[in-house]
1. Between the stretch B:88-141 and the stretch A:33-64, how many Å separate their Cα centres?
2. Considering only DSSP beta bridges where both residues belong to the stretch A:1-132, give the percentage that are antiparallel (nearest 5).
3. From the backbone phi of the stretch A:117-133, what are the Karplus-calculated ³J(HN,Hα) couplings (6.51 cos²θ - 1.76 cosθ + 1.60, θ = phi - 60°) in whole Hz, Gly and Pro given as x?
4. Taking θ = phi - 60°, what integer Hz values does the Karplus form 6.51 cos²θ - 1.76 cosθ + 1.60 yield along the stretch B:111-118, in sequence order, with x for Gly and Pro?
5. Below 8 Å, C-alpha to C-alpha, sequence gap of six or more: please give me the relative contact order for the stretch A:88-191 in percent.
6. For the stretch A:30-132, report the accessible area per residue in Å² (1.4 Å probe, heavy atoms, rounded to an integer).
7. Under the Karplus relation 6.51 cos²θ - 1.76 cosθ + 1.60, θ = phi - 60°, what is the ordered set of whole-Hz ³J(HN,Hα) values for the stretch A:43-60, x standing for Gly and Pro?
8. Name the residue farthest towards the positive end of the dipole of chain A from the options A:THR65, A:GLN84, A:TYR186, assuming +1 on Cβ of Lys and Arg, -1 on Cβ of Asp and Glu, about the Cα centre.
Amino acid sequence: MVSEQSNLKRKNDVPSGILWPNPHKIETFDLIDQFNRPITLDNLLGKWSIIFFGFINCPDICPSTLLTIARAHSELQENEVYSQLGQIIFVSVDPERDTSDQLSKYANHFSPELIAATTDIEKLKAITRTFKSLFLKNQNTDGSYSIDHSSGVFLISPKGEMLSVLTYPHNYSMIIERFEKASEFYSELNQ
Amino acid sequence: MTESKIAFLVLALSVVPVKTFGCENLILETGFIIIPPPGSQYAVGYFQIKNISQKTIVIKSFSSIFFASIAIHRTSHSHSKKLSKMRLVNELIIAPQDTLIGEPGGTHLMIKLINGSYRFTDQHISLNVLCENEASSEMIFLVSHRESTH
């Protein structure tokens, strides 16, 4: 009884921006990172993950968002929980052009700790679905193409739960604040 | 003036095409090109352009011998679908005395590098702006590199 009341109180105390109760659970997925290592759901479990979808030849929001995420990741090294368990992941939705070599050079520009991964189109469709997102190739009249993709920054808990999605425009201090809220809330729930 | 004459005048004015003007009345208040991270073939250009004339000016394109191509793009965001879309824009219309802002997450120049690299050390680069009526002018953009966190 005490526990139920306590849980009800916690539901009312959910910080803004935190997707609770019943957070969406990320389903299993397969990616390959810039060092040709597999990245699966297991790589998220036990860690806090900040994830962004995009593609290397996206000139506008992708580099600015990755820079913002990398800065948040750097500043969050002062946070005890994040410094031990935090990771940042960039998922490329353009496997046609974004090879592991390209991803390696690109990711390192933002942070040597940025994991950059991709896979084939069908698997990418499954991954974006589990993130309740999507991507669409858009052919331009000049022969080039761009890809419509999520502009959200996803915050995933150590249990693989989508705890928050930050919408564009992004700001590193907002990412830090959201992580702090989410991790404190999560820590209270799991005490 | 009778009501019918007024009505005719209103109708006549509404079908007169908007007169446009050449590029010489455009002022680049700020403009910068950000060289892309390694691996990416596309730089991005942001700007603030003011039309100092009393007439509408239409920018049709940008070009430069230093780049393979320059396209005008606009990014839009659907918050309900959490989706970002980038589309080609055929022209930029700047109303009299108005300022057009090209900024991150909105209208921007998508600039393709020649052979995927940028080897120039110049801090400024000139872009040719083509307006309606074949008028053109030069605009000097500042070249910058996106900072990295390490």
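1. What the calculation gives is 31 Å, centre to centre.
2. Numbers: 5 of 15 bridges.
Within the stretch A:1-132, antiparallel bridges account for around 35 percent of the total.
3. For the stretch A:117-133, the Karplus-derived couplings read 9, 7, 6, 6, 4, 4, 5, 5, 4, 5, 5, 5, 4, 5, 8, 6, 9 Hz, x marking Gly and Pro.
4. Values per residue, Gly and Pro as x: 10, 8, 6, 6, 6, x, 9, 10 Hz.
5. Details: 94 pairs, mean separation 17.0, N = 104.
It rounds to 16 percent for the stretch A:88-191.
6. Details: 4040 Å² over 103 residues.
That works out to 39 Å² per residue.
7. Per-residue couplings from phi come out as 6, 8, 5, x, 10, 9, 10, 10, 10, 9, 9, x, 7, 4, 7, 7, x, 9 Hz.
8. Sorting the options by dipole projection puts first A:TYR186.
The values are calculated or read from the model by the stated rules, or taken from the named source; none is laboratory data. All values reported here derive from a predicted model rather than from experimental measurement. Methodologically, a virtual Cβ is constructed for each residue, glycine included, from the backbone with ideal geometry; neighbour enumeration extends over all protein chains shown. Surface accessibility is based on the protein's heavy atoms, side chains included, excluding ligands, DNA and RNA. Shrake-Rupley method; radii C 1.70, N 1.55, O 1.52, S 1.80 Å.
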